[in-house]
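Encoded as structure tokens, the structure appears first; notes follow it.
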Amino acid sequence: MSNLVLVSIVVLVCLNISTTSCESVSVSPPISEPHLNESKINILFLSIVNDLPPGSTELTMICNFDRGSTPHHLEQGKPYSLVTNFDLKICDLRMFPQHISFHLYDRDNEGGLVHQKVFWSVRKDGLYHSWDNVNWDKRENWVNL
């Protein structure tokens, strides 16, 4: 089993138990990589990247899964990624004086366990979505605050 899968399993177990009980978690039996979609493991990889042109206004993201709604400053060209569970995740992108409110993850719109990777690209004309980080479709337009 690869280290990435093992780390993902430990992260998932921690997310499903609680953030305070992740010190000593054992994982058995091992699960092979090709069968993740068939397993009962709920691992979700989310990535959002600032693809705005250089010199654009600062881009921040605030999400409902962050305690205290801590803003994340998305640097141009650097993805913000997380491994998480399949709970609804709602975010707001802000590039003053515009914003985009969207579901970073919504199982009903993503096909559940069929798509365990979701990619987003923030661009000058709006927000784009992909399941493979290659083929993109536009989901949202910028709206003035």
Next item on the list: Specify the residue that is surrounded by the fewest Cβ atoms within 10 Å (Cβ to Cβ); the eligible residues are those in region 78-91 that are free of Cβ contacts under 8 Å to residues at least 60 places away in the same chain, more than 11 Å from I62 (Cβ to Cβ) and not acidic (D, E).
Entry: K78
Next item on the list: Tell me which residues, restricted to region 92-106, are under 18 Å from L44 (Cβ atoms) and either exposed (fewer than 15 other Cβ atoms within 10 Å of the Cβ) or in contact (Cβ under 8 Å) with a residue 24 or more places away in the chain (or both).
Entry: F102, L104, Y105, D106
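Each row is one residue, and each column tells you yes or no for (1) at pLDDT below 95; (2) among the hydrophobic types (A, V, I, L, M, F, W, C); (3) part of a helix (DSSP H, G or I).
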site	(1), (2), (3)
L93	no, yes, no
H99	no, no, no
N109	yes, no, yes
L113	yes, yes, yes
Margin query: I'd like the full set of residues that are in contact with an Asp or Glu (Cβ under 8 Å, 6 or more places away or on another chain) and either more than 27 Å from N42 (Cβ to Cβ) or among the aromatic types (F, W, Y) (or both), limited to region 77-91.
Written below: G77
Checklist line | Among (1) aromatic (F, W, Y); (2) at pLDDT 95 or above; (3) loosely packed, with under 13 Cβ neighbours inside 10 Å - the single one F119 does not satisfy | finding: (3)
Notebook entry, point to check: Which of the following residues is assigned by TED's automatic domain parsing to the domain that holds H99 and modelled with pLDDT under 90: G68, G77?
Noted result: G68
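The values are calculated or read from the model by the stated rules, or taken from the named source; none is laboratory data. This is a predicted model, so every value here is computed, not measured. Neighbour counts are summed over all protein chains in view; Cβ atoms, including those assigned to glycine, are modelled from backbone coordinates with ideal geometry.
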